[in-house]
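Trainee: Pasting a structure here, questions to come.
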Amino acid sequence: MIDDPLDERDPRLAEALSRLHAEVEPPPRVEDGLIATLRSRGDIRSKPRAPRWVFAVGAAAAAILAIVLVRRPAPPATDGPEFLLLIAEDLRYTPPADSIEAHARVLEYTEWAGWLAGAGRLVSAGELAPAGTDVRAEGKSPAVVDVRMGAVSGYFLVRAKSLAQAEQLAAESPHLKYGGTVVVRAVLH
């Protein structure tokens, strides 16, 4: 069993990472900053520890985003307008059953994100916290997620030549085969 879901000694992860484009290295401050943040949150430590698997809805996508954005930033996407691809889950979504399945999904999402980056389409991506705040005219309150409507756990900001091309990029997401939804919205400037 692999203790770390992102253990680079895993041949499947090594193969997926080898397919990512290596032409552009992240600035040292980006990698150092991410490592410092992950250490401060307790996500990584100097000494190995026993695995703690708490995979909430969409956690596999978040891990992939960190790998892709830190190790292989996307070449600048310059052709076409921007589109937001929201990674969402509702009652149809099937979360990973265990750490092994979660690790396999991480590899799938890594390949997809690497493909977006390699094609020069990825502008940015990120994980969204499972909890948040709803701000309304009458005040603020903890965000309430209605699972029937879909919880949004992450996003990909991409450039595409058209809405149809953005929809095609979304259709390639492995998130769909697990019952998830990728919501496509044009960014208006």
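Trainee: If we count other beta carbons within 10 Å of each Cβ, what is the order of ASP90, ASP79, fewest first?
Mentor: By the 10 Å Cβ count, ascending, the order reads ASP79, ASP90.
Trainee: Okay, next question. May I ask for the percentage of alpha-carbon pairs in the stretch 96-189 that lie more than 16 Å from each other?
Mentor: 65 percent
Rule-based calculations on the coordinates, nothing more; no lab input. Note that the structure is a prediction, hence the values are computed from the model and not measured. Every residue, glycine as well, gets a Cβ built from its backbone with ideal geometry; the counts of neighbours run over all protein chains shown.
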